[in-house]
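Written out below as C-alpha cells is the structure these notes cover.
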Amino acid sequence: MPEDMEVPTEHLHEHIEHAAHQSGENWIVLVALSSALLAVLAAACSLLAGHHANEAMIEQIHASDQWAYYQAKGIKSTVLESKMELLRTLGKELEVKDEEKVNEYGNQQKEIEEKAREKEHSSEQHLASHQILAKGVTVFQIAIALGAISALTRKKWLWFGSLVLGAAGAFFFLQGML
C-alpha cells in the first residue's frame, strides 16, 4: 500500500467548524468531541468488563477443580477407612501407615478447601467488577445516543443531559477499577 495514502480529514474538520460558526451553534462541535470522548471511555470500560467476566469464569473453573480434588481425597480416605473397618471386623491387625494416610488426606482436604474458597471469592470479586463496569458501558452508550439526538434536534439541554450521564458512566468506570 502506498505510504502517502491519507484520508483528507482536515478539510472536513474545517468545513464542520465553519458550518457550526456560521449557524451560531459552536456547541455542536463540543457535542461531537464529548461524544467521541464518551465512546473512548465506553470502549475501555467494555474491555475491562469483558476481562473481569473472563477472570471470574477462570477463577470459578479453578475453584471447581479444587473441589473435585477435595472429593478425590475424600473418596480415597473413605476407601481406606472401609478397608480398615473390614480388617477390624475380621480381627486383623491394622497397618499404622493406613491411619497416617487417613489423617494426611484429612489435612490435605482442609488445605484444598481453603484454596477452593479463595478461588470462589476471587471469582465473586471479578464478577462484581464486571457488573459495575457493564453498568458503566450502558450509561456511556445512552450518553452517546443522547449527544447525537441533541445535535440532530439542536437542543442544548439534551447535550447537558448527555454530559451528566457521561459523568455517571465515569463514576461506574472508576468504581469498577477499584
So ALA56, is it modelled with pLDDT under 60 and surrounded by 16 or more Cβ atoms within 10 Å (Cβ to Cβ)
no
Regarding region 78-98, can at least one residue be identified that is among the hydroxyl-bearing types (Ser, Thr, Tyr), surrounded by 14 or more Cβ atoms within 10 Å (Cβ to Cβ) and in a helix (DSSP H, G or I)?
no
Need pairs with beta-carbon distance below 6 Å; first residue under 16 Å from GLN175 (Cα atoms) and within region 116-136, second in a helix (DSSP H, G or I) and of a type in the set (Asp, Glu); sequence gap 6+ or separate chains.
HIS126/GLU55
Can you confirm whether LEU146 is part of a helix (DSSP H, G or I), surrounded by fewer than 16 Cβ atoms within 10 Å (Cβ to Cβ) and modelled with pLDDT under 95?
no
Output yes when any residue across region 135-142 is exposed (fewer than 14 other Cβ atoms within 10 Å of the Cβ) and within 30 Å of ALA44 (Cα to Cα), and no when none is.
no
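The values are calculated or read from the model by the stated rules, or taken from the named source; none is laboratory data. Since this is a predicted model, take the numbers as computed values, not measurements. Methodologically, a virtual Cβ is constructed for each residue, glycine included, from the backbone with ideal geometry; neighbour enumeration extends over all protein chains shown.
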